[in-house]
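The values are calculated or read from the model by the stated rules, or taken from the named source; none is laboratory data. This structure is a prediction, so every number in the text was calculated from the model and none was measured. Please note: Cβ atoms are built from the backbone with ideal geometry, for glycine as well, and neighbour counts cover all protein chains shown.
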Amino acid sequence: MDRRTTVKWMLAASAAWPAWRAGLAAQTPPGAAPSQLPAAPGYGTDPDLVTPHKRGEFWPLTLSAAQRRLAAVLSDLIIPADEHSPSASAVGVADFIDEWVSAPYPTQQGDRPIVLQGFAWLDAEGARRLGKGFAALDAATQTAICDSICDATRAAPERRDAARFFALYRDLTAAAFYSSPAGRKDLGYIGNVPLTSFDGAPPELLKRLKLT
Amino acid sequence: MPFVTAKTRQRAYDVIVVGSGAAGGQTAYTLCMEGARVLMLEAGRRYTPAAETPMFQTPDMAPLGGANTPQKPFGFYDATVDGGWEVPGEPYVRTTEDHAGRFDWWRARMLGGRTNHWGRISLRNGPYDFKPKSRDGLGFDWPIGYEDVAPYYDKVELLIGVYGSNEGLENTPNSPPGCLLPPPKPIVSDYLIARSARRLGIPVIPGHRAVLTQALDHRSNPQRLHPGNAKAQEILAADMRSRAPCLWATPCGRGCSIRANYQSTTVHLPPALATGNLDIATDAMVYEVALGADGRADGVNFVDRTTGTHEHASARVVVLAASACESARILLNSKSPHFPDGLANSSGKVGRYIMDTVGSDVTGQVPLLESLPPLNEDGADGHQFYMPWWLYQEQLAGKLGFARGYHVEFSGGKRMPGPDTGKGLEWLTGGNYGAKFKQDVRRYYGSFVYFSGRGEMIPNERSYCEIDPGGVKDKWGIPVLRFHWQWSEHERRQAAHMQRTFGDIIEAMGGKPKKIETDGAKAIAPGGLIIHEVGGAIMGANPKASVTNGWCQTWDVPNLFITDGAVFPSNADKNPTLTIMAIAWRAADHILERLRRKEL
Ligand SMILES: Cc1cc2nc3c(=O)[nH]c(=O)nc-3n(C[C@H](O)[C@H](O)[C@H](O)COP(=O)(O)OP(=O)(O)OC[C@H]3O[C@@H](n4cnc5c(N)ncnc54)[C@H](O)[C@@H]3O)c2cc1C
Ligand code: SF4
């Protein structure tokens, strides 16, 4: 097995299948945006790999309109538009986040309460500062709040959970953005096209890097 | 009638082959091309790479960006069907969940088995690797040597297509002229890694992978492979012409619809089917070898997964090639008054000496590779170069504190971004976000290097499988395996050595390792994780201490053979599959000869 697959295993290792299913069976969803979801079958062990899939095709999306708005605002603070590429929300990151936290798998089920509680914390923090939900705040206040939780090693002790949420949310935003065509373009990825020959590293570049 | 059912299959065959992966595919190929009538029984479903492979699909087309889930543990687009660390309805049991003693068992339920998504790394064992006990007193020698297997390595390379080079390094054999295809050209990180490792005295040479960097020689290879057999030559030449060379794009783990890499389904089975000598029944879950009154195998019993009915198929010879542990399971479940502990188990060694590969990985980040211009570095999907084990003499002199070696697989470059891109960058970015974060992701993209040590484990008495004493059964009512696992100090020290070595290489590159774990017990990946499990029915020279002879023939039942990794008495650092195919070909040649002589 190669390194990429080992890493994937490591991520999945904590989530053994039987525990996962037992855990899902024992849910009691409280209210409109349950922090845990009822059991859903997922896409199965033999899904169609050839046809492109739409979000919501395998399990229902569950975020409320307000949560999706917040999801978009926050993802744009993390990945704003610049001269290279559009912002996260412009490439549908909120859909990705919704699909993620609604998915019936252990990693995503573990992330769901962190994301939902993080959203609630952001709104509470906005209310505390200016009496508004996070999405309705001015950019400067939004940034000030993010600054206080963006680095888990420097966050105040009472903000540790919020900082943990922010780190996760940054990862999910990046996952969504760099999985998209705009994200690939932003990084200058030019592969995934058939070639008749493979030339390896360009000689001029090797010379510049003093590797020849 | 190549794909058969309970109704359409014939009454009798020369040989039944159980399993359709590397071992079953190679066994059936060799037998059919040389005229034997074969029934292949495969537990998984029929699988058609030309229609089912997601070649150019991108992460945005997959749920969750294609991220791994328990249903697709290596990501949505990985070729595995109905498998992974768990197979629905087919549990297994382990004695502990602890890192140190757990064993994870990766399976697939599809035609072609795990060859549809394996890494395609195809290294020959060297002469030392067949005689490890003679060298250092540990483990077991094989009853055969490199010189016995070498002609079959040649054949497998000529058939499946393996790129690589001949470097003449110790215990790292050369291939004869014409066997290897040219290796792919290096990418930027390959140059830097090679320079840095060589400064530390570590060789860096082209890897060997079963990928067609150019078309196979359809004129000469069929003649070399099937001398004097015009029909086989013609079939194989036509088949080789229809395999396209690599497109230098698309991940091999998804499978390859143009047949540019080795999968049993794209390389072994098409020509074998073209002979008309191969019948394949998929959804056929074999649970025991049926024993005749004469003490010979008279066929196998299986469950038809589509109907749930129990069926019997007969043949003059039975070959188990269901993967190492599954073949051991079938033997252990084949109980009879004559063999109360399982078939071919008079030695008590069935299920014993399960080995995996020692694995330990390190990630590094390298400033010199930051912010490079756009580059297409897809190449042949990685592992274009590697480091063979280089400390044979130091080790033999007892200077290392562990007995066996490892090789290093590494990768880098601007691979297709996906759900892991930009993840966990805090160790480099200090947790920034916004415009700066976006710049940083661009800056660091392509600047990471990944090193994986892959080392030899010595067989031990505490790593084995048995029929679960708790009575767990799968959904077909077939008793399942329970795994026991333990590493020795040799493996733990080897893993720690890997970590230190990778740290040194990354530092020599001017880079920064993410984490170096010098406690071997923590550095070593759990058993089974590297998915190179072998052993469980080892070959040997002594019927009391082994299950088969050097021809993969069980000592107890003359017409019963095992051609998968179960027969390995040692597990060299070299990935096992090329050797599985070589010994399967050799065993099949032997079966053909004995069939011709009417000895089977
Ligand atoms: C992700 C990954 C990467 C890998 N990379 C490499 C690599 O780079 N190099 C390398 O050398 N090896 C690699 N391996 C290991 C390699 O895949 C195996 O060594 C090889 O496939 C073993 O061949 P096999 O025929 O014994 O088993 P398999 O390929 O597993 O085939 C066994 C077949 O038998 C069938 N079967 C099982 N039980 C029964 C039954 N009771 N009745 C009927 N049929 C049954 C299965 O469904 C399966 O189709 C990798 C494996 C994985 C998963
Ligand atoms: S890299 Fe080449 S061999 Fe591998 S899947 Fe793509 S085209 Fe096929």
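Which one is nearest to the other protein chains (Cβ to nearest Cβ), of the residues in segment B:361-375 that are part of a loop (DSSP other than H, G, I, E, B) and touching a residue at least 24 places away in the same chain (Cβ under 8 Å)? Break it down stepwise before answering.
At the first step, the residues of segment B:361-375 found to be part of a loop (DSSP other than H, G, I, E, B) are B:366, B:370-375.
Now drop any that are not touching a residue at least 24 places away in the same chain (Cβ under 8 Å), which leaves B:366, B:370-372, B:374-375.
Working: B:Val366: 11, B:Glu370: 11, B:Ser371: 10, B:Leu372: 7, B:Pro374: 4, B:Leu375: 7 Å.
It comes out as B:Pro374.
Looking only at residues in segment B:561-589 that are in a strand (DSSP E or B) and hydrophobic (A, V, I, L, M, F, W, C), which one is surrounded by the fewest Cβ atoms within 10 Å (Cβ to Cβ)? Steps first, answer last, please.
Of the residues in segment B:561-589, the ones in a strand (DSSP E or B) are B:561-562, B:571.
Of the ones still in play, those that are also hydrophobic (A, V, I, L, M, F, W, C) are B:561-562.
Values: B:Phe561: 28, B:Ile562: 33.
This residue is B:Phe561.
Within segment B:111-129, one or more residues are within 16 Å of ligand 2 (Cβ to nearest atom), facing chain A (nearest Cβ under 10 Å), buried (at least 23 other Cβ atoms within 10 Å of the Cβ) and aromatic (Phe, Trp, Tyr).
Residue-by-condition table, conditions (1) within 24 Å of B:Asn166 (Cα to Cα); (2) modelled with pLDDT under 95; (3) within 12 Å of another protein chain (Cβ to nearest Cβ); (4) not in a loop (DSSP other than H, G, I, E, B):
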site: B:Ala194; (1), (2), (3), (4): yes, no, yes, yes
site: B:Gln214; (1), (2), (3), (4): yes, no, yes, no
site: B:Asn221; (1), (2), (3), (4): yes, no, no, yes
site: B:Ala249; (1), (2), (3), (4): no, no, yes, no
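Residues in segment B:1-46 that are surrounded by fewer than 24 Cβ atoms within 10 Å (Cβ to Cβ) and either within 12 Å of ligand 1 (Cβ to nearest atom) or assigned to a helix (DSSP H, G or I) (or both): B:Arg45, B:Arg46. Just one residue in the set B:Glu533, B:Glu599 is of a type in the set (Asp, Glu) and either over 22 Å from the mean Cα position of the chain (by Cα) or within 16 Å of ligand 2 (Cβ to nearest atom) (or both); that residue is B:Glu599. Comparison of B:Gly161, B:Gly126, B:Gly207 shows that the only residue that is under 18 Å from the mean Cα position of the chain (by Cα) and within 16 Å of B:Phe385 (Cβ to Cβ) is B:Gly207.
With the requirement that a residue be more than 6 Å from ligand 1 (Cβ to nearest atom), more than 21 Å from B:Ser175 (Cβ to Cβ) and in contact with an Asp or Glu (Cβ under 8 Å, 6 or more places away or on another chain), what does segment B:111-140 give you? Give the steps one after another, and end with the answer.
Start the filter on segment B:111-140 by keeping residues that are more than 6 Å from ligand 1 (Cβ to nearest atom), which leaves B:111-112, B:116, B:122-140.
From what's left, more than 21 Å from B:Ser175 (Cβ to Cβ): B:111-112, B:116, B:132-140.
Matches in segment B:111-140: B:Leu111, B:Pro132, B:Lys133, B:Ser134.
Could you go through segment B:347-360 and let me know if any residue there is within 12 Å of chain A (Cβ to nearest Cβ), outside any loop (DSSP other than H, G, I, E, B), in contact (Cβ under 8 Å) with a residue 24 or more places away in the chain and crowded, with 24+ Cβ neighbours inside 10 Å. Yes, segment B:347-360 has at least one match.
Scanning segment B:196-212 for residues that are within 12 Å of another protein chain (Cβ to nearest Cβ) and crowded, with 23+ Cβ neighbours inside 10 Å yields a count of 3. State whether the residues of segment B:47-66 include one that is at pLDDT 95 or above, surrounded by 24 or more Cβ atoms within 10 Å (Cβ to Cβ) and within 15 Å of ligand 1 (Cβ to nearest atom). Checking segment B:47-66: at least one residue is at pLDDT 95 or above, surrounded by 24 or more Cβ atoms within 10 Å (Cβ to Cβ) and within 15 Å of ligand 1 (Cβ to nearest atom). In the condition set (1) at the interface with chain A (Cβ under 8 Å from one of its Cβ atoms); (2) more than 16 Å from ligand 2 (Cβ to nearest atom), B:Arg135 is compliant with all but (1).
It is to be established whether one or more residues within segment B:239-246 are in contact with a His (Cβ under 8 Å, 6 or more places away or on another chain), outside any loop (DSSP other than H, G, I, E, B), of a type in the set (A, V, I, L, M) and farther than 18 Å from B:Asp381 by Cβ.
From segment B:239-246, those in contact with a His (Cβ under 8 Å, 6 or more places away or on another chain) are B:240-241; that's our starting set.
Okay, now just the ones that are also outside any loop (DSSP other than H, G, I, E, B), so B:240-241.
Filter again for of a type in the set (A, V, I, L, M), leaving B:240.
Still in the running and farther than 18 Å from B:Asp381 by Cβ: B:240.
Scanning segment B:239-246, I find at least one residue that is in contact with a His (Cβ under 8 Å, 6 or more places away or on another chain), outside any loop (DSSP other than H, G, I, E, B), of a type in the set (A, V, I, L, M) and farther than 18 Å from B:Asp381 by Cβ, so the answer is yes.
Look at (1) over 20 Å from the mean Cα position of the chain (by Cα); (2) within 14 Å of chain A (Cβ to nearest Cβ) and you find that B:Val81 fails only one, number (1). Out of all the residues in segment B:174-196, is one or more within 24 Å of the chain's Cα centre (by Cα), of a type in the set (S, T, N, Q) and within 19 Å of A:Phe198 (Cα to Cα)? No: zero hits.
Restricting segment B:255-295 to residues that are of a type in the set (S, T, N, Q) and more than 30 Å from A:Thr196 (Cβ to Cβ) leaves a set whose member that is nearest to ligand 1 (Cβ to nearest atom) is B:Thr282.
Which numbered condition trips up B:Gln365, out of (1) more than 15 Å from ligand 1 (Cβ to nearest atom); (2) more than 30 Å from B:Glu517 (Cβ to Cβ)? Of the numbered conditions (1) more than 15 Å from ligand 1 (Cβ to nearest atom); (2) more than 30 Å from B:Glu517 (Cβ to Cβ), the odd one out for B:Gln365 is (2). Within segment B:419-444, the set of residues being out of contact with any Phe, Trp or Tyr (no Cβ under 7 Å at 6 or more places or on another chain) and either of a type in the set (Asp, Glu) or more than 7 Å from chain A (Cβ to nearest Cβ) (or both) comprises B:Asp420, B:Glu426, B:Trp427, B:Lys436, B:Gln439, B:Asp440, B:Arg443, B:Tyr444.
Across segment B:233-240, not a single residue is classified as more than 16 Å from ligand 1 (Cβ to nearest atom) and within 14 Å of another protein chain (Cβ to nearest Cβ).
Quick check on my filter: what residues within segment B:257-271 are within 13 Å of ligand 2 (Cβ to nearest atom) and away from every other protein chain (no Cβ under 12 Å)?
Just the residues of segment B:257-271 that are within 13 Å of ligand 2 (Cβ to nearest atom), to begin with: B:257-263, B:266-267.
Passing the criteria: B:Arg259, B:Asn261, B:Tyr262, B:Gln263, B:Thr266, B:Val267.
Does B:Pro54 satisfy the criteria of being over 30 Å from B:Arg586 (Cβ atoms), within 14 Å of chain A (Cβ to nearest Cβ) and without any contact (Cβ under 8 Å) to a residue 24 or more places away in the chain? When the stated conditions are applied, B:Pro54 does not pass them.
Taking the numbered list (1) within 28 Å of B:Met416 (Cβ to Cβ); (2) in contact with a Ser or Thr (Cβ under 8 Å, 6 or more places away or on another chain) in turn, B:Met40 passes all entries but (1). Filtering A:Leu63, A:Leu122 for residues that are in contact (Cβ under 8 Å) with a residue 40 or more places away in the chain and hydrophobic (A, V, I, L, M, F, W, C) leaves a single hit, A:Leu122. Consider segment A:44-77 and keep the residues that are among the aliphatic types (A, V, I, L, M), assigned to a loop (DSSP other than H, G, I, E, B) and at the interface with another protein chain (Cβ under 7 Å from one of its Cβ atoms). The one that is nearest to the chain's Cα centre (by Cα) is A:Leu49. Taking the conditions exactly as written (part of a loop (DSSP other than H, G, I, E, B) and either within 14 Å of chain A (Cβ to nearest Cβ) or touching a residue at least 24 places away in the same chain (Cβ under 8 Å) (or both)), does B:Asp378 satisfy them or not? Taking the combined requirement at face value, the residue satisfies it.
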